[in-house]
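I have placed the structure first, in the form of structure tokens, so that the comments after it can refer back to it.
The values are calculated or read from the model by the stated rules, or taken from the named source; none is laboratory data. Since the model is a prediction, treat every value here as computed from it, not as a measurement. Virtual Cβ from ideal backbone geometry, glycine too; neighbours counted across all protein chains shown.
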Amino acid sequence: MNYELLIVDDHPLFRAALTGAVAAVCANCSFLEADNIAGLFDALEQHPHADLALLDLNLPGAHGFCALAHLRGAHPQLPVILVSATDDERTVRDALAFGAQGFVSKSADAGTIGRNVASVLRGEYVSPAGLSANTAPAADAAALDFASALAQLTAQQFRVFGLLCSGRRNQQIASELRIAESAVKAQVSAILRKLGAADRAQALRLASRLSADTRAARLSPDNIE
């Protein structure tokens with residue numbers, strides 16, 4: 001059986017390292033690459049039957065576990081392995097709670113990475129040595145509820161949401177996405193409704209629950225319309 005894998009990381013050398021590690025144990029694997037969230041969506045639109053995604057937790061625009069939560073909702077048939085240099089127990093448990101089928105540390109050797117990918121392709125769950133994939137999630141109920149809400153966003157709405165989280169105003173979002181400002185306003189209204197947020201500030205506070213930083217939320221409601 002042939003497998004199509006999507007490698008999503010903003011560092012070309014690490015994408016190459018992941019590709020090499022997997023290719024060493026999977027001769028019948030082909031590879032797609034993306035270096036940002038927009039590239040991830042574009043790749044999945046062109047290759048809707050991809051067999052596995054390896055997603056960098058700290059990918060620009062991912063906003064912690066938000067991209068993972070959305071991806072699992074938009075493509076429930078696609079297994080996702082989250083990849084990160086942050087591999088403490090809480091981060092791993094949150095990754096699994098928010099829908100990852102596996103977690104691979106960037107400090108893992110090539111052999112371990114390859115074996116973990118092969119395991120997930122067989123339908124198994126994987127986590128770093130010493131941590132059980134079946135352990136109770138660290139995420140609280142409110143965070144899991146917000147993750148479920150993020151899963152309901154369309155790809156375009158998640159693009160807008162990501163720019164909103166980055167502090168962009170409607171005019172800036174319209175310029176970056178090359179759409180009318182009126183379309184952005186309509187998308188923002190739909191996003192807030194789906195997320196159960198009264199305004200942008202509340203949406204950012206909700207999104208902070210999925211921050212990958214366990215000590216403090218990275219998102220700030222400052223400087224928003």
Hits in the range 25-56 (condition: among the charged types (D, E, K, R) and surrounded by fewer than 20 Cβ atoms within 10 Å (Cβ to Cβ)): 33, 35, 42, 45, 51
Qualifying residues in the range 38-59 (those that are closer than 22 Å to residue 17 by Cα and of a type in the set (D, E, K, R)) - the one nearest to the chain's Cα centre (by Cα): 56
Filter result (at pLDDT below 70, aliphatic (A, V, I, L, M) and within 13 Å of residue 165 (Cβ to Cβ)) within the range 178-225: 217, 219, 224
Helices (runs of 4 or more DSSP H) fully within the range 60-178 counting 2 or more residues that are in contact with a helix residue (DSSP H, G or I) (Cβ under 6 Å, 6 or more places away or on another chain), of a type in the set (Ser, Thr, Tyr) and more than 20 Å from residue 21 (Cα to Cα): none
Sole residue being surrounded by 20 or more Cβ atoms within 10 Å (Cβ to Cβ) and over 17 Å from the mean Cα position of the chain (by Cα), chosen from 92, 188, 160, 104: 188
Verdict on residue 29 being more than 15 Å from the chain's Cα centre (by Cα) and hydrophobic (A, V, I, L, M, F, W, C): yes
In the range 9-59, residue nearest to residue 108 (Cα to Cα) [restricted to those that are of a type in the set (Val, Ile, Thr) and touching a helix residue (DSSP H, G or I) at 6+ places or on another chain (Cβ under 7 Å)]: 22
Close pairs (6 angstrom Cβ cut-off, 6 or more residues apart or separate chains): within 15 Å of residue 191 (Cβ to Cβ) in the range 156-178, of a type in the set (Asp, Glu) and modelled with pLDDT of 95 or more anywhere: 170/181; 174/181
Conditions (1) more than 27 Å from residue 163 (Cα to Cα); (2) surrounded by 17 or more Cβ atoms within 10 Å (Cβ to Cβ); (3) at pLDDT below 90; number of the one not met by residue 22: (3)
Matching residues in the range 69-84 - criterion: being closer than 16 Å to residue 38 by Cβ, crowded, with 24+ Cβ neighbours inside 10 Å and aliphatic (A, V, I, L, M): 71
